[in-house]
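Questions regarding the structure given below will be posed in turn.
The values are calculated or read from the model by the stated rules, or taken from the named source; none is laboratory data. It should be emphasised that the depicted structure is a prediction, and the values quoted were computed from it without experimental measurement. Neighbour counts are summed over all protein chains in view; Cβ atoms, including those assigned to glycine, are modelled from backbone coordinates with ideal geometry. Side chains are part of the model used for accessible areas, which takes the heavy atoms of the whole protein and leaves out ligands, DNA and RNA. Shrake-Rupley method; radii C 1.70, N 1.55, O 1.52, S 1.80 Å.
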Amino acid sequence: QVQLVESGGGLVQAGGSLRLSCAASGSIFSINTMGWYRQGPGKQREVVAVITSGGSTNYADSVKGRFTISRDDAKNTVYLQMNSLKPEETSVYYCNAHAKIFGMGYDYWGQGTQVTVSS
């Protein structure tokens, strides 16, 4: 099993920045993709950014040019640098890890961290 712990959320003014962290522990050997998702009030959970074990990244169109996902393999940690934050991006942000074992996929989720952007 994989445990994910997010940190770095908080309150920031519009136009400000935050850096989220997600530390993975446990059976991390089979993880091939990690990412960040968010869910605002009354909204569906949506993907924000993902990064593969090979370093490839993908971003939601709405955050391209403002957010950066990265990882530190030595620390088993993934980061999300968020710049120029907008009030509509107030959400709970969740860390995700996808593992593949014998051709079967497994998803793990963190507890979420609140990001509030004031106008």
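Among the residues that make up region 30-44, is at least one of them in contact with a Ser or Thr (Cβ under 6 Å, 6 or more places away or on another chain), of a type outside the set (D, E, K, R), open to solvent by less than 70 Å² (accessible area, probe 1.4 Å) and closer than 18 Å to Gly15 by Cβ?
No; the residues of region 30-44 include none that is in contact with a Ser or Thr (Cβ under 6 Å, 6 or more places away or on another chain), of a type outside the set (D, E, K, R), open to solvent by less than 70 Å² (accessible area, probe 1.4 Å) and closer than 18 Å to Gly15 by Cβ.
Return the residue satisfying two criteria in turn: it lies in region 1-18 and is of a type in the set (A, V, I, L, M, F, W, C) and surrounded by fewer than 16 Cβ atoms within 10 Å (Cβ to Cβ), and of such residues it is nearest to Leu85 (Cα to Cα).
Taking the candidates together, the pick is Ala14.
Does Ser21 meet the test of being open to solvent by 20 Å² or more (accessible area, probe 1.4 Å), hydroxyl-bearing (Ser, Thr, Tyr) and within 15 Å of the chain's Cα centre (by Cα)?
Yes, satisfied.
Examine region 81-96 for a residue that is modelled with pLDDT under 95 and either crowded, with 17+ Cβ neighbours inside 10 Å or of a type in the set (Lys, Arg) (or both), and state whether such a residue exists.
Within region 81-96, none of the residues are modelled with pLDDT under 95 and either crowded, with 17+ Cβ neighbours inside 10 Å or of a type in the set (Lys, Arg) (or both).
Which ones in region 3-50 are β-branched (Val, Ile, Thr) and part of a strand (DSSP E or B)?
The answer is Val5, Val12, Ile31, Thr33, Val47, Val48, Val50.
Still on this model: Report, ordered by the first and then the second residue, all pairs with beta carbons closer than 8 Å, sequence separation of six or more or different chains, a first member in region 27-43 that is touching a residue at least 24 places away in the same chain (Cβ under 8 Å), and a second member that is open to solvent by 20 Å² or more (accessible area, probe 1.4 Å) and of a type in the set (Lys, Arg).
If the second residue must be open to solvent by 20 Å² or more (accessible area, probe 1.4 Å) and of a type in the set (Lys, Arg), the pairs left are Ser30/Lys100; Asn32/Lys100; Met34/Arg71; Tyr37/Arg45; Arg38/Arg45; Gln39/Arg45.
Restricting attention to region 97-119, report how many residues are among the aliphatic types (A, V, I, L, M), touching a residue at least 24 places away in the same chain (Cβ under 8 Å) and open to solvent by 60 Å² or more (accessible area, probe 1.4 Å).
1
I'd like to verify a number: residues in region 45-56 that are open to solvent by 20 Å² or more (accessible area, probe 1.4 Å) and closer than 13 Å to Cys95 by Cβ, how many?
3
Report, ordered by the first and then the second residue, all pairs with beta carbons closer than 7 Å, sequence separation of six or more or different chains, a first member in region 52-63 that is modelled with pLDDT of 95 or more, and a second member that is open to solvent by 60 Å² or more (accessible area, probe 1.4 Å).
Pairs that qualify, where the first residue is modelled with pLDDT of 95 or more and the partner is open to solvent by 60 Å² or more (accessible area, probe 1.4 Å), are Ala60/Glu46; Ala60/Val47.
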